[in-house]
Amino acid sequence: MGKVSKEECLEWSRKLAAKVSASFYNNTVGTLRMILDVAIEKGARALNLAKAITKRRIQLRELHLPEPEQFDLLVESIGDADAWCSRDCADLVRFLACGGFRKTEAANITGNGKTPT
């Protein structure tokens with residue numbers, strides 16, 4: 001841990017940046033910084049050279065959402081599908097769309113009001 005150089009950190013970051021999304025890259029750089037902070041606390045390093053790595057700018061994608069009428073037709077078609085759970089699925093789509101949840105929040109929603117462990 002004590003032998004990692006600034007140049008090695010920068011080279012690693014250049015290679016990683018070419019392979020992964022900006023958010024994955026930024027999270028990974030943040031993790032490296034935390035690891036080197038622990039190394040400093042334990043006396044294995046004097047400086048956190050990963051702080052020289054700049055994070056990437058995240059480009060927000062333009063959202064192309066359906067018009068309210070199109071969304072209503074979509075939910076209606078889900079509800080009218082010929083499956084035993086069609087109505088429940090339509091209700092779930094409407095609930096998730098109107099709830100404004102993030103993906104991780106939606107993944108942790110349960111029907112019993114309890115947070116999964």
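Structure above, values below:
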item	result
Region 7-36, residues that are aliphatic (A, V, I, L, M) and closer than 12 Å to THR54 by Cα	LEU10, ALA17, ALA22, VAL29
Number of the condition not met by ASP37 [criteria: (1) surrounded by 10 or more Cβ atoms within 10 Å (Cβ to Cβ); (2) over 30 Å from LYS15 (Cβ atoms)]	(2)
Matching entry among ALA81, ALA90, ALA97 (being of a type in the set (Gly, Ala, Ser), surrounded by 10 or more Cβ atoms within 10 Å (Cβ to Cβ) and in contact (Cβ under 8 Å) with a residue 24 or more places away in the chain)	ALA97
Test: residue in region 50-66 that is more than 27 Å from the chain's Cα centre (by Cα) and small (Gly, Ala, Ser)	no
Test: residue in region 86-96 that is over 18 Å from SER5 (Cα atoms), under 20 Å from the mean Cα position of the chain (by Cα) and not in a loop (DSSP other than H, G, I, E, B)	yes
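Bear in mind these aren't lab numbers, they're just calculated from the coordinates by the rules spelled out. Fair warning: this is a prediction, and the values are worked out from it, not measured in the lab. Positions of Cβ are generated from backbone atoms using ideal geometry, with glycine treated the same way; all protein chains shown enter the neighbour counts.
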